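Notes for the one structure printed next.
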Amino acid sequence: MNKLPFIKGGGLEGEYVFSNFHFHWGSDDSKGSEHTFDGDRYAAEIHLVHFKKDYGTLANALKHKDGLVVLGVMVEADDSDNESLQSVVDALEEVVELGMEFHPDYSIPLDALLPEEEDRHTFFRYQGSLTTPTCNEVVTWILFQTPISLSSSQLAQFRTLIGQDGLHHLQDNFRPIQPLNGREVVFVDTGNY
Ligand SMILES: [Zn+2]
């Protein structure tokens, strides 16, 4: 576990160890993100899931209110390809059918999933839940204000994947917007860049 990347600071108590990243996307470029900024939806959203180091495992961290931190990165559709994420897009071809696995013999730098370094100091933060069942209320969400981009053809590659029924294309795999329920969303500018 020592070798795994972790995050700290930005108002977090303790260290959070990287567990996985995944994407949410739409059936076209007009939707796909799980969060909206001032009502604006993005074409996709990347989640980098981290669990609190003190809790040892992701499964154990799910039992604690401060168990998880998810970094969210909005993805906007662009005309030109994002070359630094092309290896992720290429890998999609290897897992089109349900149950397929692909173990790349190359590494994907997590850096490529984040906004440029000078754009990482502004983000929104709130206490929320997992966006998939069982929707545990254990997540500190950190959503970078600055999106990254993928081209429309790169985004289209995500929509070729076959979903859990083994028949239909996997798309619109985002949770609808939820009521705030009194949650406070804080805008943070750490000023560090
Ligand atoms: Zn997610």
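The values are calculated or read from the model by the stated rules, or taken from the named source; none is laboratory data. Given the structure is predicted, the values throughout are model-derived calculations rather than measurements. With ideal geometry, Cβ positions are generated from the backbone for all residues, glycine too; neighbour counts draw on all protein chains shown.
Summary table
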item: Selection within region 1-57 - of a type in the set (Lys, Arg), more than 16 Å from the ligand (Cβ to nearest atom) and over 19 Å from ARG125 (Cα atoms); result: LYS3, LYS53
item: Conditions (1) modelled with pLDDT of 95 or more; (2) within 15 Å of the ligand (Cβ to nearest atom); number of the one not met by PRO115; result: (2)
item: Hits in region 86-110 (condition: touching an Asp or Glu at 6+ places or on another chain (Cβ under 6 Å) and closer than 17 Å to SER149 by Cα); result: none
item: Scope region 58-83; condition within 17 Å of the chain's Cα centre (by Cα) and within 16 Å of the ligand (Cβ to nearest atom); matching residues; result: LEU58, GLY67, LEU68, VAL69, VAL70, LEU71, GLY72, VAL73, MET74, VAL75
item: Residue count for region 72-87, restricted to those that are crowded, with 17+ Cβ neighbours inside 10 Å and assigned to a helix (DSSP H, G or I); result: 1
item: In region 147-190, residue surrounded by the most Cβ atoms within 10 Å (Cβ to Cβ) [restricted to those that are without any contact (Cβ under 8 Å) to a residue 60 or more places away in the chain and within 19 Å of the chain's Cα centre (by Cα)]; result: LEU170
item: Filter result for the condition that a residue is within 15 Å of the ligand (Cβ to nearest atom) and small (Gly, Ala, Ser), over GLY99, GLY128; result: GLY128
